[in-house]
1. Could you check how many residues of the range 5-22 are surrounded by 15 or more Cβ atoms within 10 Å (Cβ to Cβ) and not in a loop (DSSP other than H, G, I, E, B)?
2. If you scan the range 73-105, which residues turn out to be more than 22 Å from Glu163 (Cα to Cα) and of a type in the set (Asp, Glu)?
3. I'm checking my understanding of the structure. Among residues of the range 28-41 that are touching a helix residue (DSSP H, G or I) at 6+ places or on another chain (Cβ under 9 Å) and open to solvent by less than 90 Å² (accessible area, probe 1.4 Å), which one is farthest from Thr88 (Cα to Cα)?
4. Just the residues that are basic (Lys, Arg) and assigned to a helix (DSSP H, G or I), please, taken from the range 29-43.
5. Residue check: is Ala64 of a type outside the set (D, E, K, R) and either part of a loop (DSSP other than H, G, I, E, B) or open to solvent by 50 Å² or more (accessible area, probe 1.4 Å) (or both)?
6. Does Leu112 satisfy the condition of being at pLDDT below 95, surrounded by 14 or more Cβ atoms within 10 Å (Cβ to Cβ) and closer than 30 Å to Arg156 by Cα?
7. Asp106 versus (1) surrounded by fewer than 22 Cβ atoms within 10 Å (Cβ to Cβ); (2) of a type outside the set (Ser, Thr, Tyr); (3) at pLDDT below 90: which is the lone unmet condition?
8. Which of the residues spanning the range 44-61 are open to solvent by 80 Å² or more (accessible area, probe 1.4 Å), part of a helix (DSSP H, G or I) and not hydroxyl-bearing (Ser, Thr, Tyr)?
Amino acid sequence: SAIKLDDGSLVIHSAVALDPSTQKELEAWGTPRLLIVPNPWHRLDAPAYKTRYPGLKIYCPEGARKRVGKLVPVDGSYDALPATPPLTVRHLDGVKQREGYLELRDDAGVTLIFNDAIFNQPHLPGGFGFVYKLIGSSGGPRVTRLLKLAMVRDQRALRAQLEKLAETPSLRRVIVAHGAHIKS
């Protein structure tokens, strides 16, 4: 995801390598200023972004800092992020600060952006679909079994926070990294 801040610069969330023409489109929209690495697993393309944009500041959840830091210098955790209106970045409860979410507020309402905490994959056909179903990563919006095993340490805390976020006034959509966006 790329989010344009009030100052015209961009926040890149969970950077992925882009083909040259798409990279130019991104740059025409604004200058990348901050890179949010959302967890220890979504860090592989961060070094390429830091090379292309040397002034880019990189932030990640506190619990991911060690692993992310093995690939790219980290400027701070979510708690150290400078003010980035209209965007707020927070840690998720119950995951030992290894992942978080983004909250984007604008005139149209609130958008919540997640990475691996919530999947919204339909059941898919074939062998790949069978594996996704088997590991609990398909069948609608959900916290997957894989995430629960790898990251969740307090299921009640995570569930309570997600339920509270679902009640966010003016919530208009939830963007997930894996699957379709959820619109209210």
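1. Selection size over the range 5-22: 4.
2. Pass one, the range 73-105, residues more than 22 Å from Glu163 (Cα to Cα): 73-77, 79-86.
Asp75, Asp79 - these are the residues of the range 73-105 that are more than 22 Å from Glu163 (Cα to Cα) and of a type in the set (Asp, Glu).
3. Our first condition is that a residue be touching a helix residue (DSSP H, G or I) at 6+ places or on another chain (Cβ under 9 Å); within the range 28-41, this holds for 32, 35-41.
Pick out the ones that are also open to solvent by less than 90 Å² (accessible area, probe 1.4 Å) and you get 32, 35-40.
Values: Pro32: 17, Leu35: 13, Ile36: 12, Val37: 14, Pro38: 13, Asn39: 17, Pro40: 20 Å.
Selected residue: Pro40.
4. Residues of the range 29-43 basic (Lys, Arg): 33, 43.
Result: no residue meets the conditions.
5. Working: of a type outside the set (D, E, K, R): yes; either part of a loop (DSSP other than H, G, I, E, B) or open to solvent by 50 Å² or more (accessible area, probe 1.4 Å) (or both): no.
So Ala64 does not fit the description; no.
6. Numbers: at pLDDT below 95: no; surrounded by 14 or more Cβ atoms within 10 Å (Cβ to Cβ): yes; closer than 30 Å to Arg156 by Cα: yes.
No.
7. For Asp106, the failing item is (3).
8. Hit for the range 44-61 is Arg52, nothing else.
The values are calculated or read from the model by the stated rules, or taken from the named source; none is laboratory data. This structure is a prediction, so every number in the text was calculated from the model and none was measured. All Cβ positions, even for glycine, are placed from backbone atoms using ideal geometry, and neighbour counts span all protein chains on display. Surface accessibility is based on the protein's heavy atoms, side chains included, excluding ligands, DNA and RNA. Shrake-Rupley method; radii C 1.70, N 1.55, O 1.52, S 1.80 Å.
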